[in-house]
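Everything below concerns the one structure shown next.
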Amino acid sequence: MSADPSPSRQWRVPAALPALKLTGAVALLALALLLDGSDRVRLALAVLTAVALAGWAVRDLLAPVRLAVDPAGITVVQGFAGRRRLPWTSIEKVTVDRRARRGLTSELLEIDAGESLHLFGRHDLGADPAEVAEALHEARPH
């Protein structure tokens with residue numbers, strides 16, 4: 001059996017995340033109606049927040065793959081649900097930014113493409129950003 005000449009790998013939003021966001025939007029609306037549906041300002045704020053949360057979930061459903069790599073380069077999500085192809089020649093560096101705050105450590109995968117910087121967290125990738133960075137370094141032609 002021969003190896004695939006163009007190996008490709010993808011990282012995507014975990015499947016449970018959009019469902020959790022949609023559930024949160026419905027729960028927020030239900031709570032706003034149950035607790036005090038007569039207060040129009042609070043209800044309007046709850047509706048706006050629920051719509052924003054639902055929009056965020058729809059983005060996860062429309063563009064679940066946030067990052068893909070192959071021998072020619074990297075494809076990243078851009079805008080609401082668009083894609084942008086970055087050839088290896090345009091990628092200056094791939095790093096992981098680690099920050100500690102209040103006892104918690106967060107990691108972001110940073111892809112510096114000169115004129116653009118693309119940031120991905122654990123929930124965007126469904127994987128540890130350090131492992132994804134390592135896979136990108138291994139996929140990059142030398």
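Derivation of every value follows stated rules applied to the coordinates shown; laboratory data play no part. What you see is a predicted model, and the numbers here were worked out from it, not measured in a lab. Note that each Cβ is placed from the backbone with ideal geometry, even for glycine, and that neighbours are counted across all protein chains shown.
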Residue-averaged 222 nm ellipticity for the chain, from DSSP H runs of 4+ at -39500 (n - 2.57), nearest 500: -13500 deg cm²/dmol
L104-T23 FRET efficiency (beta carbon distance; Förster radius 25 Å; 0.05 resolution): 0.55
Extreme residue, positive dipole direction of the chain, given options L53, A30, V94 (C-beta unit charges): A30
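R0 = 35 Å: FRET efficiency of L48 with R83, Cβ-based, nearest 0.05? Present the calculation step by step, with values, prior to reporting the outcome.
Details: r = 29 Å, r/R0 = 0.82.
So the FRET efficiency works out to roughly 0.75.
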Sequence-distant residues sharing a close amide H with A113 (under 5 Å, placed H): E92, H118
Using alpha-carbon coordinates, inclination of helix 40-62 to the longest axis of the chain, degrees: 30
Crossing angle, helix 16-36 versus the chain [Cα axis fit, 0-90 degrees, rounded to tens]: 20
For the chain, size of Cβ-based charge dipole, Lys and Arg +1, Asp and Glu -1, in debye: 400
